[in-house]
Amino acid sequence: MRAEIISIGDELTSGQRLDSNSQWLASQLSQLGVRTVFHTTVGDSLADNVLVFQAAADRADIVISTGGLGPTADDLTREAIATAFDRPLEFRQVAMDHIENLFSKRSRTMPERNRIQAMFPIESQLINNRFGTAPGIDLTVKRSGDPNKESRIFALPGVPAEMFEMYEQVVRPRLIADLKVGQVQWFFKNIRLFGLGESDVEAKIPDLIARQREPLVGITVSRATINLRIATLASTEEDAQKQMQPTIDEIEQHLGDYIFGDDQDELWDVIVRRLAQCSETLGLIEYGAQSLMASRFTKSAALNCLSKSVLVLANWSPLKPTDENVLTQVASSDWSLVVGPWPLVRKDEQPSGEVEVTIFHRGKKIESSIMQASGHPDIVLERMAKYASQKLFFASSTSAVR
């Protein structure tokens, strides 16, 4: 089944507030095997809301909106749904009793304006809101493009705590019982790569990126790291793995030299864990302006609870150390990584310069290479840190060295 999630509010369309509700709802729907194909954000305009709900109902089996169910003049969701599907609003005493009871428990007088929250499109069901004054709306409508098909619309408040509870207690059970979803769910596998551009990756596995294939494979890039995301529908994790495995094998066949991890791994995370498994330590020396690898490795070791057993950080300075200095400072480390000189990268200037990467294993130099400082100023340092880490990643995985 296909779903659309609608987020309502000027605070969202203006960028004043981040929409986290949509992300959460999409992840919940994927657990029921429902694919969210549209995320729509609309401001507090009645005409715009009407158009959005009509479009969503015509292209999605399930529509879930958040926001616009409050008592003020800019809360237009119930009116928009009523107008969009010609379902006039009617008063529901059970909703009114709930709202009045909440005000009474809080020793407050209910403003007359809150009566609007007890108005619902005819033929709709209420979604109880135990902790707030905004009950949700559950309405099934015919699609204008195909009257033989229906769209199920759920309107929930924008307050995350209330929305979470209403989805879990009411919406999710109704989706399972009425629409028979949940027999399969979406499973995802991420494969992380470094050293290639997005188009280069696609050129190596063009058939895997086709939109109609199963499993689906998508490419995203962030901070110079490529992520291949494999998605498939299955009833169990074991079945999902069986469906994904041929695709995983093909990716590894064509891109194995660039793969370093999965999920949200970065290169330093994989290196830290590998060294810990081998009971080995790392000494790191950086020199020059804007050094950043120490912070990356330190954070990774701390998150993996391996700070004491894995990482030995030597001092770094703006001066290039000699080999003798390096060996003296990191003599107690199994692996030593020396990187520098880091360039001074300014926001509006094209970075330039050469950065040397040298790797020692138990006091013996095993590799030295030069990387060019180039690329967008916002990511050039990150790219170079990952380049240096990739060198260590491959060196520490070589059986001949071990």
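The values are calculated or read from the model by the stated rules, or taken from the named source; none is laboratory data. All values reported here derive from a predicted model rather than from experimental measurement. Cβ atoms come from the backbone with ideal geometry, glycine included; neighbour counts cover every protein chain shown. Just the protein is used for accessible areas: all its heavy atoms, side chains included, with ligands, DNA and RNA removed. Shrake-Rupley method; radii C 1.70, N 1.55, O 1.52, S 1.80 Å.
Brief remarks follow.
- Candidates L89, L46, L69, L51 - the one that is surrounded by fewer than 20 Cβ atoms within 10 Å (Cβ to Cβ), over 30 Å from E214 (Cα atoms) and in contact with a Lys or Arg (Cβ under 9 Å, 6 or more places away or on another chain): L89
- Close pairs from the range 41-62: first within 13 Å of F85 (Cβ to Cβ), partner assigned to a helix (DSSP H, G or I), Cβ under 6 Å, at least 6 apart: N49/A80; V50/A80; V50/T83; V50/A84; F53/A80; F53/I81; F53/A84; Q54/A84
- Test result for R223, surrounded by 11 or more Cβ atoms within 10 Å (Cβ to Cβ) and more than 24 Å from S374 (Cα to Cα): no
- Verdict on E165 being free of Cβ contacts under 8 Å to residues at least 60 places away in the same chain, open to solvent by 20 Å² or more (accessible area, probe 1.4 Å) and assigned to a loop (DSSP other than H, G, I, E, B): no
- Residues in the range 228-275 that are free of Cβ contacts under 8 Å to residues at least 60 places away in the same chain, in a strand (DSSP E or B) and touching a Lys or Arg at 6+ places or on another chain (Cβ under 6 Å): I230 alone.
- Candidate set: the range 119-146, residues that are of a type in the set (A, V, I, L, M) and closer than 18 Å to V159 by Cα; chosen: the one surrounded by the most Cβ atoms within 10 Å (Cβ to Cβ): A134
- Picking from residues in the range 1-40 that are among the hydroxyl-bearing types (S, T, Y) and surrounded by fewer than 16 Cβ atoms within 10 Å (Cβ to Cβ), the one that is farthest from G68 (Cα to Cα) is S27.
- Within the range 326-351, the set of residues being hydroxyl-bearing (S, T, Y) and either modelled with pLDDT of 80 or more or in contact with a helix residue (DSSP H, G or I) (Cβ under 6 Å, 6 or more places away or on another chain) (or both) comprises S333, S336.
- Subset tally (residues that are among the hydroxyl-bearing types (S, T, Y) and part of a helix (DSSP H, G or I)) for the range 276-306: 3
- For the range 83-98, taking the residues that are under 26 Å from L51 (Cβ atoms) and in contact (Cβ under 8 Å) with a residue 40 or more places away in the chain, the one that is farthest from the chain's Cα centre (by Cα) is identified as R87.
- Candidate set: the range 205-227, residues that are assigned to a strand (DSSP E or B), modelled with pLDDT of 90 or more and not β-branched (V, I, T); chosen: the one farthest from F187 (Cα to Cα): N227
- For the range 87-120, the set of residues classified as assigned to a loop (DSSP other than H, G, I, E, B) and of a type in the set (G, A, S) consists of S107 only.
- Single residue of the range 345-386 satisfying the filter (in contact with a Gly (Cβ under 8 Å, 6 or more places away or on another chain) and under 19 Å from R296 (Cβ atoms)) that is most open to solvent (accessible area, probe 1.4 Å): R383
- Failed item in (1) more than 33 Å from the chain's Cα centre (by Cα); (2) under 22 Å from N21 (Cβ atoms); (3) surrounded by fewer than 16 Cβ atoms within 10 Å (Cβ to Cβ), with D74 passing the rest: (1)
- Pairs with Cβ under 9 Å, 6+ apart, first in the range 368-381 and on the phi < 0 side of the Ramachandran plot and modelled with pLDDT of 85 or more, second open to solvent by less than 60 Å² (accessible area, probe 1.4 Å) and of a type in the set (D, E, K, R): S368/E356; S369/E356; S369/K391; I370/E356; M371/E356; M371/K391
- Single residue of the range 121-149 satisfying the filter (in a loop (DSSP other than H, G, I, E, B) and β-branched (V, I, T)) that is nearest to A80 (Cα to Cα): I122
- Of all residues in the range 188-220, those satisfying the criterion of being open to solvent by 30 Å² or more (accessible area, probe 1.4 Å), within 14 Å of the chain's Cα centre (by Cα) and touching a residue at least 24 places away in the same chain (Cβ under 8 Å) are F188, K189.
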